[in-house]
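The values are calculated or read from the model by the stated rules, or taken from the named source; none is laboratory data. All values reported here derive from a predicted model rather than from experimental measurement. Cβ atoms come from the backbone with ideal geometry, glycine included; neighbour counts cover every protein chain shown. The area values use the complete protein model at the heavy-atom level, side chains included, leaving out ligands, DNA and RNA. Shrake-Rupley method; radii C 1.70, N 1.55, O 1.52, S 1.80 Å.
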Amino acid sequence: MSNYRRMRIEGATYFFTISLADRGSSVLVDSVDVLRKAYTQTIIEQPVWSDAFVVLPDHLHAVWTLPEGDADFSTRWRKIKARFSHALSATPVRSQSKIAKGERGIWQRRFWEHLIRDDRDYGNHMEYCWGNPVRHGLVERVADWPYSSFHRDVRRGIVPKDWT
């Protein structure tokens, strides 16, 4: 079994990419309310500040700042993924490996994370989240994608509505 090394720094800020097993699926936006509920339930139990969040059809990106004394982002993602999966009625065709591990087969195993190093790195990853729907050709303007914290950040005055 692989031994994955993750930087676990209490109170740090991280960028994440979480993907579906079927990269051609649109279940995340089709079931965005289910995802929101899974996210909310998890964050109530284990709070985190969501600096940025964008949901695309087959993957999502997030920038999270963990509370002081807390470096456990893995449990949060495990709970979000499990709650979302269990709330969906349909299960895709699963491999023997996924069946043996009790996985529903919706998500790719694991996730990708990046420890934010400085203000420039933070800004780059915030902008990456905001601009991702445009890069994927889902909309022409960032403001047109409904599943993004971009709209919250516009309301808070962090970014202009016409940001590109």
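A few comments on the model shown:
- Taken across region 2-12, residues that are on the phi > 0 side of the Ramachandran plot, out of contact with any strand residue (DSSP E or B) (no Cβ under 6 Å at 6 or more places or on another chain) and either among the charged types (D, E, K, R) or not in a strand (DSSP E or B) (or both) do occur, with at least one present.
- Residue in region 34-78 that is nearest to Asp153 (Cα to Cα), counting only those that are within 14 Å of the chain's Cα centre (by Cα) and open to solvent by 50 Å² or more (accessible area, probe 1.4 Å): Trp49
- Selection from region 105-154 of residues that are loosely packed, with under 13 Cβ neighbours inside 10 Å, within 16 Å of the chain's Cα centre (by Cα) and not hydrophobic (A, V, I, L, M, F, W, C): Arg109, Pro146
- Qualifying positions in region 26-51 - in a loop (DSSP other than H, G, I, E, B) and touching a residue at least 40 places away in the same chain (Cβ under 8 Å): Ser31
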